[in-house]
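The structure appears below as structure tokens.
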Amino acid sequence: MPKISNKEVNDLLRQRRSTYPNDYSDKVIDKNILEDILENARWAPTHKKTEPWRFIVFQKSRLKEFSAEMMKAYKRYFSQDKWNERKMKKIEKNPLKAGAIIAVVLDRHEELIPEWEEIAAVAMAVQNIYLGCQANDLVGYWSTPSFRTEMEEYLGLNETQKSLGFFYIAHPKDDIVLAPRERKPLDQKVRWV
Ligand SMILES: Cc1cc2nc3c(=O)[nH]c(=O)nc-3n(C[C@H](O)[C@H](O)[C@H](O)COP(=O)(O)O)c2cc1C
């Protein structure tokens, strides 16, 4: 097996970033690439091998319907006096800018392990999605709106399942300019003993 260099791994991890809909081109994403990215996702670590991730893929042709459902979900979740016109516009327009959206779902195994461990496993699967995008010159981000619970019926989830948000994926615009990201230095995060 060809060895992946340390530099390649470091670059992949350190260059990973969240990219938002204003930087998306409207190009369709090849289904094979989406499959490849999801294949990576299912190799995330999973305590007791519960594999608690489920994914529902909305390809480009279904994003109009997805966006309409997001609007309805927002309106159900917030009472009318809390509706924010600017936010609602974004909720409607942003999904239409994506090339595909993956609904990220937690499938609980309550009898086996605590919820946090299964959420952690799904989050690791999402990291694999991030990295798979990176490796395929795609961009995206994990969106976790508060009203995602109101999407669960539309997504067809059952009583063991919960929405953990949506992963937006897209080809980047040709003229994309990525803003530098910041992280605090390691010595603020690590204590050596
Ligand atoms: C669990 C989780 C939930 C997130 N939810 C949102 C979200 O709802 N909206 C958003 O704009 N970004 C969301 N993000 C992306 C973060 O904003 C992003 O990771 C952060 O700004 C750091 O940028 P980077 O991913 O490019 O390193 C989420 C990230 C994680 C890990």
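Each reported figure results from applying straightforward, stated rules to the coordinates on display, with no laboratory input. Just so it is clear, the model here is predicted, and its values are computed rather than measured. Here Cβ is always computed from backbone atoms with ideal geometry, including for glycine, and neighbour counts include all displayed protein chains.
Some observations on this one:
- Search result, residues across the stretch 1-12 that are among the hydrophobic types (A, V, I, L, M, F, W, C) and either surrounded by fewer than 11 Cβ atoms within 10 Å (Cβ to Cβ) or in contact with a strand residue (DSSP E or B) (Cβ under 9 Å, 6 or more places away or on another chain) (or both): MET1, ILE4
- Within the stretch 76-118, being under 22 Å from GLU35 (Cα atoms) and either among the polar types (S, T, N, Q) or not in a loop (DSSP other than H, G, I, E, B) (or both) holds for PRO95, LEU96, LYS97, ALA100, ILE101, ILE102, ALA103, VAL104, VAL105, LEU106, ASP107.
- Any hit, the stretch 2-12, residues being under 16 Å from the mean Cα position of the chain (by Cα) and small (Gly, Ala, Ser): no
- Tallying residues that are within 16 Å of the ligand (Cβ to nearest atom) and part of a helix (DSSP H, G or I) within the stretch 38-58 yields 1.
- Test: residue in the stretch 2-10 that is at negative phi, within 16 Å of the ligand (Cβ to nearest atom) and assigned to a helix (DSSP H, G or I): yes
- Every residue from the stretch 158-193 that is assigned to a loop (DSSP other than H, G, I, E, B) and within 17 Å of the chain's Cα centre (by Cα): HIS171
- For the stretch 151-169, taking the residues that are under 13 Å from LYS72 (Cβ atoms) and out of contact with any strand residue (DSSP E or B) (no Cβ under 9 Å at 6 or more places or on another chain), the one that is nearest to the ligand (Cβ to nearest atom) is identified as TYR154.
- Residues (surrounded by fewer than 19 Cβ atoms within 10 Å (Cβ to Cβ) and away from the ligand (no atom under 11 Å from the Cβ)) located in the stretch 129-146: LEU131, ALA135, ASN136, ASP137
- If the condition is being of a type in the set (Gly, Ala, Ser) and closer than 12 Å to VAL104 by Cα, then the stretch 139-153 contributes only SER143.
- Condition broken by TRP116, with the remaining ones in (1) without any contact (Cβ under 8 Å) to a residue 12 or more places away in the chain; (2) farther than 24 Å from ASN40 by Cβ satisfied: (2)
- Residues in the stretch 13-36 that are within 16 Å of the ligand (Cβ to nearest atom), surrounded by 15 or more Cβ atoms within 10 Å (Cβ to Cβ) and assigned to a helix (DSSP H, G or I): PRO21, ASP23.
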